[in-house]
Structures are given as C-alpha cells and as structure tokens.
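To keep things clear, I will list the structure first and then write my remarks on it.
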Amino acid sequence: MIVAERKPIREILKMIEDYQKILILGCRACVTACAAGGQKDVEIMGSIIRIDRKRRGLPVEVYEKTIDRQCDPLFFAPIDNLITKSEVVLSMACGVGVNMLAETYPNKVVLPALNTGFMGLLEEQGVWAERCIGCGDCILAETAGICPLSRCPKHSLDGPCLGSINGKCVVYPENQCVWYVIYERLKTLKQLDKMERILPFKDWSKTVSPRRVIREDLRL
Amino acid sequence: MKEVNGLERKISEGKRPILAYYHPPATVDLAPVQMAADLLKVADAVVVADNPGAVVHMHPLVAASVFLEKGIDTVLELECRDKNRLALQSEILGALALKIRNFLCMTGEHQTQGPQPEAKGVYDLSPVHLIQLMKIIEQGELLDGFRLGEVPSIFIGAMVNPFARPVELHFFKLLKKIKAGAKFLITTPIFALEEFKEFIKELKQRGFLEKTKVFATIMPIKSADIARVVSKDPSVHLPERICARIESVPEQNQAQEGINICVEIMKELKEMEEVSGFHIMAPHWCEVVPLLIERVGLR
C-alpha cells in the first residue's frame, strides 16, 4: 500500500485559513489501511476545523466525504456537486489522489492534508515500513523476495556494510540488517549460492520521473 | 605489461608498507595538509579520506595532490555516498592523471550520521560495483564503452571488518569484493588479536589470501573519552578491557597508554606473515605515526 501520514494540524489549519466552504475528501484505499485518510480520519479532521473556527469566532462550512479511490476520476462523479460548491478540497488521499483532483478540476483549489511517504506494509500494530522503492527493475528473485533497496539506508546491492553486526542495521539499530534477513531466508530456502552472485549495476534510468507505463495492446 | 605501482611492488618484494590515515581539513587553504605531510612522510602512503563520517572536508583529490607534490604516495578513498557513477569516473580519471594508483572503494557512513542529515545520499553504486568500475577503467574504458587509451595498473582496495558477525554473511560480501578485483583489504581497527587471528585463518582457508593482501589497522586512542566514543561505533570492535585500561591511568598519561596498547598489538601483528602491511588510523594525531613506527621497529 501507499503509506501516508497526516500533516501537522497547524500546517493544515494555516493552509485552509482563507476558505470558508471546505470539502474534506477521504479515500477508502491505501490511506484508510494506514489510518491516515479514511472516513474516520475525515471525521476527526472535520471536528478539528470546526472547533478551531468556533474558538476563533470565524465562520466555516465543512463537508465531509470519503470515496473509494481518489486516483481514479470515475469516483469523483457522484460528488461532483459537492466539489463544485466548495471553495477548496482538502484531500486526505495520497499525493496521487491530490494530483488527480487537481487535474480533473482545473478551477478548484486542492490542498493536501497528508504527507505521502512510501510503498510499504504494516509491520506491527501502528508501525508501517517501506518495502518497495518502485525501481522499475525488480531484483526480488535474486534476494529471496526481500528488497535490499527499500530496506538498506545505503541501498546496498552487494551485501551488509561493515557496521552490520549480529543482524542489526548500523544506521537504524532498531531495524534488522536487510542483508542478514536475505541471508537467513536464502539459507532456509537452500539457495545460499545466490549470496555469491554479483548483481548487475542498477539501471536507475528506470526511476527517472515522470515515469509512465504504456500498454499499446490496451490503448484505444 | 603494465607497470606495477609502488605500493603493490613493495608488497611483492616482501616489504610491509605502512599506510597513514588522513582526514583532509575543513579549510580553504592547503597549509594544514602541508603540515600533515611533513609528519606523515615516514609512511609509505597516506590514505586520504573522502568526507569521513559524512562530515564535509576538503576534496580528497586536492589534499592528495599536496602529498604527491612532496613525493608521498597516496591511497585515495572513494565513497559511494556522495557521488554517482559519472562523478566517480571523472574523479578516477583525475586521480590517475595526478599519478594516484591506489584506491580504496567504500560506501561511507550514512549521511544521517553526520552533521548535515538532510543531505541526499547518492548510493548509485555499491562498493563491489565501484571495484568493478575501477577494473573497467584499468582495462582502458569508461562504463559507456568510451576508449581511454593506455591506463596504468591500479591497486584497488576495499574495507573489511574482521569482527563483524555472522562471519559467513560477511564473507559472502568479502568474496564479492575479491571476485570483483580488490587486490588489498584494509581492516577496521584491531584491538582483539585472538579474533583477528581467527579471521586470518578463515581468509587463508578460503584461499582469499592468494588473491588479496591485508593491511591491519591500528587505532591509537588518545583518551578515555575518545575510547568511549569509539566503543559506541558498531563497526569498531573495542573490547571493554581496552577502555578500562585507558581509564585506569591518570588523564595526562592516557595518550601514552593508548600508544602502549598499539605498540603491543603491532608487535604481535608483526609476527603474522599474513599481514602484508599496516594502516595507522590516527587522523587527528599525525605525530603518533612516526612514533609508532619507531617504537615497533618497522623501519
């Protein structure tokens, strides 16, 4: 999933300072799963904004809505009226959702309520961790399905650094060294010979923005 | 046949070269480098660090040129943290043009561990790839196939931590470094001799010593405070008994005690024929280099 976090409340309140009709738009996809921009988060955000305006004696009209996905304009259609009558859409989706809104509604101010982080998974209750950097050239077949690029702060493709001691990462000692994880898993899979292979130089050109996938077989 | 460079030749002649580790200054003048050169000229080569500790220092190539002007050989550190493959290739070309022949391929400490943690780390290549890149250049080409013409022989080095565990995991990495073309290894500082001897035994058993030479690193510790700081670095195995020994003497004698410890370790290392050379790591204490050489009787 795409993992995001809500921006600091003060930053959000400052962003919407000049607006009175605010649509807070949540997303039921990834940001619901990582407890940042789902229906519940939209309700909390609505309450915070109303309390803030009431405390300061300033008028506000807050609409709250959560749609299935903000990265697909198909889902904007049922709330088109709401978007039109709002001065601003405070999107609680990931950055992709914010972009989609902005591209779909050229005359509407769209603001991000979240900081979008990474592609990751829930490691334990309340802890999400990165697992894929979207390098465009997956090497997981070589590394027992464990990604060294997303889990090694030095992006090491050739093994543990000198500071990896007893399986701990030198940069983030609370983390396991990803090469230790790979090594242990390859051992279990009886594929330790893979540890001896030197992987090719990474082709970083596949990460150059803006990236795009074109499927001629699917184009109209 | 390419000409063999000085450091490699000395090893092949059975001499044990002494390397001195040097941090270029964070200054805009060369005077501190020139002063250091006067103290470090006793060494066979000076290892010039590349933004060590993810802290900004003068460019190592510039500092290295000062040593070379004074007739002191150098080992140029190349770190993958700050430079992509384009920058690394241009730096290697520049270094070769300056007649630098020895290179140490490293990743470098992570940028978040230095005083400018907001910096973007590059990590385009890993050290094994950097070693491969050096081999390609040695064969007269750049990564894009551009022909360079005649390129001299390069003495390519890498780092190794003899105390890192699990041993098998770290040996896989070491194997890759040697397969890629590392002709010499510089260890992390040695304080635990028995464990180091085990490491050397393992190197020998695996046949690694036929392909690569080992420089044993000695790190003189100047004070109990420094010992405590060093002991927190996971990549340095500093046994508690060494810290305790330095702490046990009065503050004014702690530097002397640090030297005594090194002399004892070096004397034992001197007896190990598998140790091809020494690397004295005292970047902020250059005066200690001639002192250690004399006391251990290396000259």
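Whole-percent P(r), the protein assembly as shown, all Cα pairs, 20 Å bins from 0: 19, 44, 25, 11, 0. Using the Cβ-Cβ distance between B:A244 and A:Q125 with R0 = 45 Å, the FRET efficiency computed as 1/(1 + (r/R0)^6) comes to roughly 0.60.
Summing charges over neighbours of B:L203, with a neighbour being any other residue whose Cβ is under 11 Å away from its Cβ, gives +2 when K and R count +1 and D and E count -1. Taking all protein chains together and rolling a 1.4 Å probe, B:L209 ends up with roughly 30 Å² accessible. Averaged over the residues of peptide A:67-74, the number of Cβ atoms from other protein chains lying within 10 Å of each residue's Cβ is 0. Comparing each chain alone with all protein chains together (probe 1.4 Å, DNA, RNA and ligands left out), the residues of region B:229-260 losing at least 40 Å² of accessible area are B:P234. In region B:115-148, burial by the other protein chains removes 40 Å² or more of 1.4 Å probe accessible surface, compared with the chain on its own, from B:Y123, B:S126, B:H129.
Net charge dipole, chain A: roughly 300 debye, given to the nearest 20, about the Cα centre with Cβ charges of +1 for Lys and Arg and -1 for Asp and Glu. Dimensions of chain B along the principal axes, based on C-alpha atoms and rounded to the nearest Å, stand at 60, 48, 40, largest first.
Averaging 1/r across all pairs of distinct Cα atoms in region B:162-299 and inverting the result yields a Kirkwood radius of 15.8 Å. Size of region A:2-118: Rg and Dmax of its alpha carbons, in Å, are 12.9, 38. Pairwise Cα distances in region A:135-198 exceed 18 Å in 29 percent of cases. Rolling a 1.4 Å probe over the protein chains gives B:S248 an accessible area of about 90 Å². Quantify how much of the Cα-Cα distance distribution of region B:1-110 extends past 23 Å, in percent. Tail fraction, whole percent: 26.
Shown in residue order for region A:66-82 are the 3J(HN,Hα) couplings computed by the Karplus curve 6.51 cos²θ - 1.76 cosθ + 1.60 at θ = phi - 60°: 10, 10, 4, 8, 9, 8, 9, x, 3, 7, 7, 3, x, 10, 4, 4, 5 Hz (x for Gly and Pro). Can you give the FRET efficiency to the nearest 0.05 for B:L93 and A:W204, using r as the Cβ-Cβ distance and R₀ = 22 Å? Once rounded, the FRET efficiency stands at 0.55. Here the extension length gained between A:K40 and A:K54 equals 2.9 nm, from 0.36 nm per residue of separation less the Cα-Cα distance. The distance between label points at A:Q20 and B:E264 comes to 8.2 nm (points 7 Å beyond Cα on the Cα→Cβ vector). Under 5 Å between amide hydrogens, built in the peptide plane, is the criterion, and for B:S126 it picks out A:L157 among residues at least 5 positions away or on other chains.
For B:E168 and B:K15, the difference between the fully extended length at 0.36 nm per residue and the C-alpha to C-alpha distance is 52.0 nm.
Calculated accessible area for the protein assembly as shown comes out at 48 Å² per residue, all protein chains present (probe 1.4 Å; ligands, DNA, RNA ignored). Pop the C-beta distance of B:E69 and B:K211 into the FRET formula with R0 = 30 Å and round what comes out to the nearest 0.05. My answer for the efficiency is 0.35.
With respect to chain A, whose longest principal axis is taken over its alpha-carbon atoms, helix A:178-188 is tilted by about 60°.
Computed from Cα positions, the angle between helix B:254-270 and the longest principal axis of chain B comes to roughly 60 degrees. Computed 3J(HN,Hα) for region B:73-87, one whole-Hz value per residue from the Karplus formula 6.51 cos²θ - 1.76 cosθ + 1.60 where θ = phi - 60°, is 5, 9, 10, 8, 6, 10, 9, 7, 5, 9, 10, 8, 5, 5, 5, glycine and proline marked x. Taking amide H positions as modeled 1.01 Å from N, with prolines and chain starts lacking one, the residues under 5 Å from A:C132 and 5 or more places away or on another chain are A:M119.
Of all beta bridges that DSSP places with both ends in the protein assembly as shown, some 20 percent have antiparallel geometry.
Of the trypsin sites (Lys or Arg not before Pro) found in region A:135-185, not one falls in a DSSP loop while having at most 15 other beta-carbon atoms within 10 Å.
The values are calculated or read from the model by the stated rules, or taken from the named source; none is laboratory data. Computed from a predicted model, the values in this text were never measured in an experiment. Neighbour counts are summed over all protein chains in view; Cβ atoms, including those assigned to glycine, are modelled from backbone coordinates with ideal geometry. These accessible areas exclude ligands, DNA and RNA; they are computed on the full protein's heavy atoms, side chains included. Shrake-Rupley method; radii C 1.70, N 1.55, O 1.52, S 1.80 Å.
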